[in-house]
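These notes concern the structure reproduced below.
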Amino acid sequence: DGLAAFRTFLKSEFSEENVDFWMACEDFKKTKSSTKIASKAQKIYSDFIQVDAPKEINIDFHTKTYISQNISEPTLSCFDDAQRLIYSLMAKDSFPRFLRSEAYKELVMKQQNRNQKRWL
């Protein structure tokens, strides 16, 4: 529920690509097959990293360049720096705003109501 509420909040701020990228990276790091590593890396790159990507994330030039230069032979850690940057951005910027938002207040109320019903 929390992730869904946070994603909805980010969508309202036009920045849901951050959590989508972070989740895609988490999924990518669990990949076992080398052929899937290459295809998943390319998908993440085309969705989030390359210039004018449909969900382009806001990362610095050096990180973007490093990924672009290494995408032809990706490793499971090839997006780690970008993922750290995006996590930091969400932790310092988006998430504190989310905690003050109506979406979060509604989530807390919903959870409190569930807990009350369990005790009854």
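With every protein chain present, what is the per residue accessible area of segment 1-118 (1.4 Å probe, Å²)? Write out the running numbers ahead of the final one.
Details: 7640 Å² over 118 residues.
That works out to 65 Å² per residue.
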Practice task
Calculate the spin-label point distance for Gln116 paired with Arg84, positioning each point 7 Å from the Cα along the beta-carbon direction, and give it in nanometres.
Solution key: 4.5 nm
Completion exercise
Calc'd 3J(HN,Hα), segment 70-83, phi into Karplus 6.51 cos²θ - 1.76 cosθ + 1.60 (θ = phi - 60°), Hz, glycine/Pro = x, comes to 10, 5, 5, 10, x, 10, 5, 9, 5, 9, 4, 5, 5, 5
Completion exercise
Phi angles of segment 38-44, converted by Karplus (6.51 cos²θ - 1.76 cosθ + 1.60, θ = phi - 60°) into ³J(HN,Hα) in whole Hz with x for Gly and Pro, give 4, 6, 5, 4, 5, 5, 4
Handout entry: Extension gain, Gln42 back to Lys92 (0.36 nm per residue minus Cα-Cα distance, nm)
Key = 15.1 nm
Handout entry: GNM flexibility winner over the chain from Leu89, Leu99, Leu76 (Cα, springs under 10 Å)
Key = Leu99
Completion exercise
Of the listed pairs Lys11/Lys32; Lys30/Lys105; Lys29/Lys55; Lys11/Lys92; Lys29/Lys64, those with alpha carbons more than 22 Å apart are Lys11/Lys32; Lys30/Lys105
Exercise for the section: Would you calculate a helix-derived [θ] at 222 nm for the chain, using -39,500 (n - 2.57) for each DSSP H run of n ≥ 4 and dividing by the full residue count, to the nearest 500? Expected result: -19500 deg cm²/dmol
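Leaving out ligands, DNA and RNA, and with a 1.4 Å probe, what % of the accessible surface on the chain is carbon or sulfur?
Working: 4440 of 8040 Å².
In the chain, the share of accessible area belonging to carbon and sulfur is 55 percent.
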Exercise for the section: Would you mind telling me which residue in Asn58, Asn70, Asn18 has the biggest mean-square fluctuation in a Gaussian network model of the chain, where springs connect alpha carbons within a distance under 10 angstrom? Expected result: Asn70
Handout entry: Residue-wise HN-Hα coupling along segment 26-33, computed from phi with Karplus coefficients 6.51, -1.76, 1.60 (Hz; x: Gly, Pro)
Key = 4, 5, 4, 5, 8, 5, 9, 6
Fill in the blank from the handout: Subtracting the Cα-Cα distance of Lys32 and Lys11 from 0.36 nm times their residue separation yields 4.4 nm
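Nothing charged except the Cβ atoms of Lys and Arg (+1) and of Asp and Glu (-1): what's the magnitude of the dipole of the chain about its Cα centre? Round to the nearest 20 debye. Intermediate values should be presented prior to the final figure.
Details: 19 positive and 17 negative charges, 147 e Å.
That gives the chain a dipole magnitude of about 700 debye.
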Practice task
Take the chain, connect every pair of alpha-carbon atoms lying under 10 Å apart with a spring to form a Gaussian network, then pick out the residue of Ile71, Ile44, Ile57 with the largest mean-square fluctuation.
Solution key: Ile71
Problem - Label corresponding to percent of Cα pairs over 25 Å apart when calculated from the structure given, among (i) 23; (ii) 34; (iii) 60 - result: (ii)
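The values are calculated or read from the model by the stated rules, or taken from the named source; none is laboratory data. Given the structure is predicted, the values throughout are model-derived calculations rather than measurements. Backbone-built Cβ (ideal geometry, glycine too); neighbour counts: all protein chains shown. The accessibility values were calculated without ligands, DNA or RNA, using every heavy atom of the protein model including side chains. Shrake-Rupley method; radii C 1.70, N 1.55, O 1.52, S 1.80 Å.
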